[in-house]
Amino acid sequence: MKIPITKPYMDACESDLIAEVIASGWVTQGPRVEEFERVFAEYVGAKHAIAMTSCTTGLHAALLAYDIGEGDEVIVPSMSFIASANVIRHANATPVFAEVDRRTFNLDPNVLEDAITPRTKAIMPVHQIGMPADLAAILEIARRRRLVVIEDAACATGSEILWNGVWERIGKPHGEIAAFSFHPRKLITTGEGGMLTTNDDQIAERHRRLRLHGMSVSDRARHGASKMVLEEYVEVAYNYRMTDMQGAMGLAQMEKLPTILAKRRELAANYSAALAGIEAYEPPYEPPYTRSNFQSYAVGLTTDAPISRNDLMDALLERGISTRRGIMTSHREPAYADARRDVKLPITERASDQTLLLPMYTQMTDAEQRYVIDALIELGTKS
């Protein structure tokens, strides 16, 4: 068998909607993007959803919208895709790398107080591979210390958190703002693309300007006006617009989201049940206050494992099974060599080095998953 790490779940629905957009002649940000924003906002329970070119540009705009820049610090886990740290530097602020919880790989609230300095302006928790961070604990500290919370929810579409006894979707938002990704490795995809969600009217309006070169009025408003409208450019900004073809694709993907979520949770349960009795492996931990979407399934290798993580990945690949290394650590990348000497993150480094991501996709058959599980058991029990 050839088992990919993942693949998007798409059919004629996406292509039909995209074809309609092309036929309409309005292919940049327009009516389909507006509809996608409305559907996404309703789904997560947010007042506003603002479509962006990516989660990365969304996070960058979020930092700018809260006037975070030179001289400011933002606390963020190093154990995350490098974009989480990069956007802080793009805003001319300084990322302060903090330790993660050993079991969830999410930002550990217990380290936040020590990481906060007079220059700290924000905390950026990352909902790692779909597993919600401990927002209640993080927000308690942030509110007390008057810090902004910007949620990196790139992987968390459909994930839920137990909030005051009620299950609520990530993106409501619980902090000031949350940013999502629609990259092909996420649950739903628009090829590239992202979304911001917030309940703050002024912040939402500023984001709409920041994505449109700082323009005071949108293209849609100008073209729909009965009288001439002269726009102004009220601040130096960017072109972070989503196309209407992507918006149409997003609408089709939202229809599929319940099916995608159910399948991924089923696959995760199958993996966990099969690997629970194998001493070499440590299945992911899902805290009782979370419902992960299992954007990825990260299995850890224990000290009893008879094979190294990299050798295991090679052996699986020889069997046609694609995997990926555990979540990267930004502070160990060459781009952050200047930060490395000042950072000590043993839990982060071990979690990254001793985990791998297993194949998971909506179209995965029982036979395909069984093939992966059998290979893992064989390789994990060799003496």
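No value in this document is a laboratory result; all are computed from the given coordinates. In this text, all values refer to a predicted model and were calculated from it rather than measured experimentally. Don't worry about glycine lacking a Cβ; one is built from the backbone with ideal geometry, like all the others, and counts go over all protein chains shown.
Would you work out which of Y361, T323, A305 lies farthest towards the positive end of the dipole of the stretch 262-383, given +1 charges on the beta-carbon of Lys and Arg and -1 on that of Asp and Glu, about the Cα centre?
In the stretch 262-383, that residue is Y361.
Please state the charge dipole magnitude for the stretch 257-380, taken about the Cα centre, from unit charges on C-beta atoms (+1 on K and R, -1 on D and E), reported in debye and rounded to the nearest 20. Write out the running numbers ahead of the final one.
Working: 14 positive and 17 negative charges, 95 e Å.
It works out to roughly 460 debye.
Please build a GNM for the chain, connecting alpha carbons under 10 Å apart, and tell me which residue among A252, A12, A62 fluctuates the most.
A12
Using the Karplus equation 6.51 cos²θ - 1.76 cosθ + 1.60 (θ = phi - 60°), what ³J(HN,Hα) coupling, rounded to whole Hz, does each residue of the stretch 129-138 give in order, writing x for Gly and Pro?
Karplus values, whole Hz, x for Gly and Pro: 6, x, 8, x, 6, 7, 5, 4, 5, 5.
Answer with one residue from Q253, I138, G25: the one whose Cα lies farthest towards the positive end of the charge dipole of the stretch 12-254, charges on Cβ with Lys, Arg +1 and Asp, Glu -1.
Value computed over the given set: G25.
Arranged from highest to lowest average of other beta-carbon atoms within 10 Å per residue, in what order do the peptides 149-159, 15-25, 37-47 appear? The partial results should precede the final answer.
Values: 149-159: 28.1, 15-25: 13.6, 37-47: 17.8.
The densest-packed peptide leads the list: 149-159, 37-47, 15-25.
Give me the aspartates and glutamates in straight-line cross-link reach of K382: C-alpha distance below 12 Å, same-chain residues under 8 apart excluded.
Those aspartates and glutamates meeting the cut-off are E279, D304.
Taking Rh as the Kirkwood radius, which is the inverse of the mean 1/r over Cα pairs, what is the Rg/Rh value for the stretch 246-383?
Working: Rg = 17.1 Å, Rh = 16.7 Å.
Ratio of gyration radius to Kirkwood radius for the stretch 246-383: 1.02.
Looking only at D108, D200, D134, which one moves most when the chain is put into a Gaussian network model with springs between Cα atoms under 10 Å?
Looking only at D108, D200, D134, the largest GNM fluctuation is found for D200.
Evaluate the charge dipole of the chain about its Cα centre and quote only its size in Debye, nearest 20, assuming +1 on the Cβ of each Lys and Arg and -1 on the Cβ of each Asp and Glu.
On the way: 42 positive and 51 negative charges, 36 e Å.
Magnitude of the dipole: close to 180 debye.
What residues have an amide H closer than 5 Å to that of N106, excluding those fewer than 5 places away on the same chain, when H is modeled at 1.01 Å from N in the peptide plane?
Under 5 Å from the amide H of N106 lie the amide H atoms of D101, each far enough along the sequence or on another chain.
Can you tell me, using C-alpha contacts under 8 Å and at least 6 residues apart, the relative contact order of the chain as a whole percent?
On the way: 810 pairs, mean separation 90.2, N = 383.
Reported relative contact order: 24 percent.
Just one of (i) 35, 27, 17; (ii) 31, 24, 20; (iii) 39, 28, 17 is semi-axes √(5λ) of the Cα gyration tensor in Å as worked out from the coordinates here. Which one is it?
Evaluating semi-axes √(5λ) of the Cα gyration tensor in Å on these atoms matches (i).
Positive end of the charge dipole of the chain (Lys, Arg +1 and Asp, Glu -1 on Cβ, about the Cα centre): tell me which of W163, H127, G69 has its Cα farthest that way.
The listed residue farthest towards the positive side: G69.
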